[in-house]
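So the structure is just underneath, and the comments pick up after that.
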Amino acid sequence: MAMTWVWTGMVVLSLIFGVAYGRLDSVANAALEGAESAIQLSLSMAGILCLWSGVMEVMNASGLSTGLAKAFRPILRRLLPQACQDSETLAAVSANFSANLLGLGNAATPLGIQAARRMSWGCGGVASDELCLLVVLNTASIQLIPATIASVRAAAGCATPLDILPAVWFASVLSVLAGLASAWLFSHWGAER
């Protein structure tokens, strides 16, 4: 609801200043150009999203995603010991991390919601430390292939949209480590209170 007010305020202010400075035609042209750019970006991103969703389906059919999820299980058992006691929750968390690793945030979201829903059972309406850690790790995900960012760069005319991989890997590892440290500090600080 708050964003509705922000966007409405921006439009109203643009119109007021356009009228005040006699440049309403420029405001209208900018709005039309922005809409055109948004459509072009959406179409190009839809193509890349379809490609990577297809890759994910091939990985699922070949069993590669299951293998990747199994590779995560030892790490996840140490990070989320309570959640990993249930095999379905562990499967959802593993699949979520696999999709995030491949940069498929849109595919990872339903899996993350399913894992969070399963982890929230028995919490009594209060998020457990493990559920908070899942949200932190999901937000600061390590990505091997940043498909969404690459598609935005390709749509903007970049000739080499994946040349940012080392920077993405470095930033992803740092954000996950910072998220783990923060979650650990807050869980211990909360336990002391």
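The values are calculated or read from the model by the stated rules, or taken from the named source; none is laboratory data. Just so we're clear, the structure is a prediction, and the values are computed from it rather than from any experiment. Cβ atoms come from the backbone with ideal geometry, glycine included; neighbour counts cover every protein chain shown. The accessibility values were calculated without ligands, DNA or RNA, using every heavy atom of the protein model including side chains. Shrake-Rupley method; radii C 1.70, N 1.55, O 1.52, S 1.80 Å.
Let me know the charge dipole size of the chain about its Cα centre in debye, to the nearest 20, where only the beta-carbon of Lys, Arg (+1) and Asp, Glu (-1) is charged.
On the way: 9 positive and 10 negative charges, 84 e Å.
The dipole of the chain has a size of about 400 debye.
Per residue of the chain, what 222 nm ellipticity follows from adding -39500 (n - 2.57) for every DSSP H run with n ≥ 4, rounded to the nearest 500?
The helix-only estimate for the chain comes to -27000 deg cm²/dmol at 222 nm.
Before I look further, what does region 63-130 give for accessible area per residue, probe 1.4 Å, in whole square angstrom?
Values: 3580 Å² over 68 residues.
Each residue of region 63-130 exposes 53 Å² on average to a 1.4 Å probe.
Grab the Cα-Cα distance for Arg77 and Ala167, subtract it from 0.36 nm times how many residues apart they are, and report the gain in nm with one decimal.
29.6 nm is the gain from fully extending Arg77 to Ala167.
Let me have the relative contact order for the chain, percent, based on Cα pairs under 8 Å that are six or more residues apart.
Details: 154 pairs, mean separation 36.2, N = 193.
Relative contact order, the chain: 19 percent.
Need the full-extension length gain, Ala61 to Asp86, defined as separation in residues times 0.36 nm minus the C-alpha distance. One decimal, nm.
6.6 nm
Give me the distance in nm between label points sitting 7 Å out from Cα along the Cα-to-Cβ direction at Ala127 and Ile113, one decimal.
It works out to 1.6 nm between the two label points.
Ignoring ligands, DNA and RNA, what percent of the accessible area of the chain is carbon or sulfur (1.4 Å)? Mind showing how you got there, number by number?
Numbers: 8530 of 12310 Å².
Using a 1.4 Å probe with all protein chains present, the chain comes out at 69 percent carbon and sulfur.
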